[in-house]
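The values are calculated or read from the model by the stated rules, or taken from the named source; none is laboratory data. Treat the numbers as computed from the prediction; the structure is a model and nothing was measured. FYI the Cβ positions are ideal-geometry reconstructions off the backbone, even for glycines, and counts take in every protein chain you see. The accessibility values were calculated without ligands, DNA or RNA, using every heavy atom of the protein model including side chains. Shrake-Rupley method; radii C 1.70, N 1.55, O 1.52, S 1.80 Å.
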Amino acid sequence: MKTILACILAFAVSAIAGKFLIPWLRKLKAGQEIREDGPTWHNSKAGTPTMGGLMFIAGILAAILIAGWQGMTGGDCKHLYIFGFAAIFGVIGFLDDFEKVVHHRNLGLTAIQKFLLQLAAAVAFLTLMRYEGLLTPNLYIPFWNTQVVMSWPVYMVFAAFVIVGTVNAVNITDGIDGLAASVTVPVGLFFAVVAAWWTGLEQLGVYAGALVGALLGFLIYNFHPAKVFMGDTGSLFLGGTVAALAFAYDMPLILIPVGFVYICETMSDILQVGYFKLTHGKRLFKMAPLHHHFELCGWSEVKLVAVFTTVSALGCFAAALGVLNRYHF
């Protein structure tokens, strides 16, 4: 019930926040600068307000405080750790968005600046989770229902890499109207369902429910044609949330099936760059990341979102089967 309550509250807060946030962003002239190397028809989106991720961040915060209050009074604050961690990434994204809006440059923070900030946040989160006894170096293997015991130094390096990679993969996925939010809804549902069937994960279920509701509220304004973009503020927050949930559930490898779309988007970018350099100018895809390739193949943004979200949902269903024996559905 608390998970459902969190979902409803987050949806309401996010949807209502949009009514006030979007006009405010327009007043600030916080419009998105469109990538010069992106599809030409995206130029019509220039000036659309960005940093809209603030509305679903607000929705999640309000919902987890209200729906998770009883758990907090009992000393269970796991959902607050996740929010705090994701919020740090949101702040990094906000700084990036602010640079774009104020100086009207689409590059924002440099790659090394973002990487170092993200790495520091990942290490801080992992250290906190270990200190609180919420993290183990036992790497759970979905589908095989077994574990690989790792040393703490190796696990920490692995975990930091996975977190930073996940955050940036979600950021790359945020390239067309409604895509990143829609793809992440099934991910939130997966974590909510797992929490509903396993004792001790109630607060995490509250967070997952809030994530789903807040994103649905945001999609009212972000679905094509978008009235607002989430910006790096929202996409980095989402990436931090997805990564933190996977580690809070102590099963980071579950990110492979639930984050299949994120992985495909990232790999298309890596393969495109690598192939371009190896062949001295040839392209593997018409454009990277992957959603732009399908755009140039004639897919509409609505079709893209529908197909990618379906793929995400199938990956999350497979993930549920993969943890079936661990969580006794």
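Which is among the hydroxyl-bearing types (Ser, Thr, Tyr), surrounded by fewer than 22 Cβ atoms within 10 Å (Cβ to Cβ) and in contact with a Lys or Arg (Cβ under 9 Å, 6 or more places away or on another chain), of Tyr221, Tyr275? Result of the check over Tyr221, Tyr275: Tyr275. Checked against the criterion of being aromatic (Phe, Trp, Tyr), in contact (Cβ under 8 Å) with a residue 24 or more places away in the chain and open to solvent by less than 10 Å² (accessible area, probe 1.4 Å), the candidates Phe237, Phe229 yield just one match: Phe237. For the stretch 1-59: of the residues being outside any helix (DSSP H, G or I) and of a type in the set (S, T, N, Q), which is modelled with the lowest pLDDT? Top of the filtered list is Gln32.
One residue alone among Val183, Val187, Val170, Val206 is hydrophobic (A, V, I, L, M, F, W, C), surrounded by 24 or more Cβ atoms within 10 Å (Cβ to Cβ) and touching a Lys or Arg at 6+ places or on another chain (Cβ under 9 Å), and that residue is Val206. Residues in the stretch 66-77 that are part of a helix (DSSP H, G or I) and either surrounded by 24 or more Cβ atoms within 10 Å (Cβ to Cβ) or β-branched (Val, Ile, Thr) (or both): Ile66, Ala67, Thr73.
Is at least one residue of the stretch 103-120 at pLDDT 95 or above and under 30 Å from Arg26 (Cβ atoms)? Among the residues of the stretch 103-120, not one is at pLDDT 95 or above and under 30 Å from Arg26 (Cβ atoms), which makes the answer no. Among helices (runs of 4 or more DSSP H) entirely within the stretch 290-329, having at least 2 residues that are in contact (Cβ under 8 Å) with a residue 12 or more places away in the chain and touching a His at 6+ places or on another chain (Cβ under 6 Å) singles out 301-322. Given the criteria surrounded by 14 or more Cβ atoms within 10 Å (Cβ to Cβ) and over 21 Å from Gly239 (Cα atoms), does Gln147 qualify? Considered against the rule, which asks whether it is surrounded by 14 or more Cβ atoms within 10 Å (Cβ to Cβ) and over 21 Å from Gly239 (Cα atoms), Gln147 comes out as yes. For the stretch 160-178, the criterion of being out of contact with any Gly (no Cβ under 8 Å at 6 or more places or on another chain), among the polar types (S, T, N, Q) and at pLDDT below 90 is met by none of the residues.
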